[in-house]
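Structure first, then comments.
The values are calculated or read from the model by the stated rules, or taken from the named source; none is laboratory data. If you're wondering where the values come from, they're calculated on a predicted model, not measured in any experiment. Virtual Cβ from ideal backbone geometry, glycine too; neighbours counted across all protein chains shown.
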There are 2 protein chains.
Amino acid sequence: MLVRDGEVRMQSVVAETGVSVGSLYHRFGSREGLLARAWLDTLAAFHARFLAALDQPGDVPGLAAALETPRFCRAEPDKALILVCCRRSELISDDTPEALQAELATANDRVMAAIDAFCRRTGLPLEIARLGLIGFPLGAVKLYMPGAPVPEALDEEIERAYRAVVLPRLVSS
Amino acid sequence: MLVRDGEVRMQSVVAETGVSVGSLYHRFGSREGLLARAWLDTLAAFHARFLAALDQPGDVPGLAAALETPRFCRAEPDKALILVCCRRSELISDDTPEALQAELATANDRVMAAIDAFCRRTGLPLEIARLGLIGFPLGAVKLYMPGAPVPEALDEEIERAYRAVVLPRLVSS
DNA sequence: TTTGTTCTAGAAATAATGTTCTAATATGGG
DNA sequence: CCCATATTAGAACATTATTTCTAGAACAAA
């Protein structure tokens, strides 16, 4: 059993990439280092889009950010696979190198701050924002990934759900 | 590293349950057998509720079934943890004992058939039904689990999302 | 070219994990 | 109580993974 479901094996990385074990350890230090790097790079790619969209002005505040999830899945399917189909805890754990743990904390803090600011700006409760911005979009794309592409038509449904939970709470200014 | 994140180790089952390795193998045959059994029992518990709710008459067809996800999380938190926080592929794989694979196929077929019937009855497209019945509710509860209880207030939000995607498509009769 | 550094390769060492096995212990029927 | 069967226990074994290590290849600067 060279590759068992659900966990990344060094051997399977070697087999699938053609890179030697030695190179892997030279570059990443350890298995934990490799996994954390994969997660952090993926997260950075998504956050860049998400944060930009969150500040974007529009008819319905935050809607563009909610739609970044399906768009990211279509634009960067490989990274989306990691973001959508892995649990964070599979890639980051207590024995992740400290430097990388710190990097993750920083990235998370930045997003948290942005969402907090969004909530203050719009008057939305945090829980509602998280649901509309992350929970529903993620739940939606997970119906398709991995294995199938995320259909364009899904965006309209995500938008409906977003409006349904956000608009009633929006303190328009 | 006795227990690594994300994968169930026999040793960790022994440690957490106090049951000996011998008993585990006597009862389940193999690690694969144990994991599959956990998944199947969980699924059965959820399906029982879900299918009952799906046939339940009501103002908005299917709404009760959509709300079974957060309710299940509150009623059976241990099983919900498996259902919500594990990928199926972590527990079921190609070397799952055939008998158990068959059991899973049967269970899945039954649910699929029920959802198909629901769609025929209501005129809803399958994709919309899956989104409202499964995708959104699951995405919503995942914001909390594991670690926090699923708040009652979440049900109202799931209902809003469900109505938003389902009602416009409903061919009322 | 020479020199030093970085990177690659893959076998060998180390460590963790799954499974088997045998003896001991319970359990239930007669 | 006795026996047969089912279950438990956990050490020993086999398998599979991660990590280290050494030798060599690529690369860049002088």
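A search for C-beta distances below 9 Å between a residue of segment A:44-62 that is closer than 18 Å to A:F136 by Cβ and surrounded by fewer than 19 Cβ atoms within 10 Å (Cβ to Cβ) and any residue that is among the aliphatic types (A, V, I, L, M) and at pLDDT below 95, counting only pairs 6+ apart in sequence or on different chains, returns A:V60/A:L170. Restricting segment A:14-30 to residues that are farther than 18 Å from A:A99 by Cα and more than 8 Å from DNA strand D (Cβ to nearest atom), which is surrounded by the fewest Cβ atoms within 10 Å (Cβ to Cβ)? Of everything passing the filter in segment A:14-30, A:G18 is surrounded by the fewest Cβ atoms within 10 Å (Cβ to Cβ). Going through segment B:1-50 one residue at a time, which ones are of a type in the set (K, R) and either touching a His at 6+ places or on another chain (Cβ under 6 Å) or within 14 Å of another protein chain (Cβ to nearest Cβ) (or both)? Residues satisfying the conditions are B:R4, B:R9, B:R31.
Look through segment B:92-125, keep the residues that are of a type in the set (S, T, N, Q) and touching a residue at least 60 places away in the same chain (Cβ under 8 Å), and return whichever of them is farthest from B:R163 (Cα to Cα).
The extreme case among them is B:T96.
Report yes if B:T106 is among the β-branched types (V, I, T) and buried (at least 19 other Cβ atoms within 10 Å of the Cβ), otherwise no. Judged against the criteria, B:T106 is not a match. Of the helices (runs of 4 or more DSSP H) contained entirely in segment B:1-85, those carrying at least 1 residues that are more than 16 Å from DNA strand C (Cβ to nearest atom) fall at B:31-55, B:63-66, B:68-75, B:77-85.
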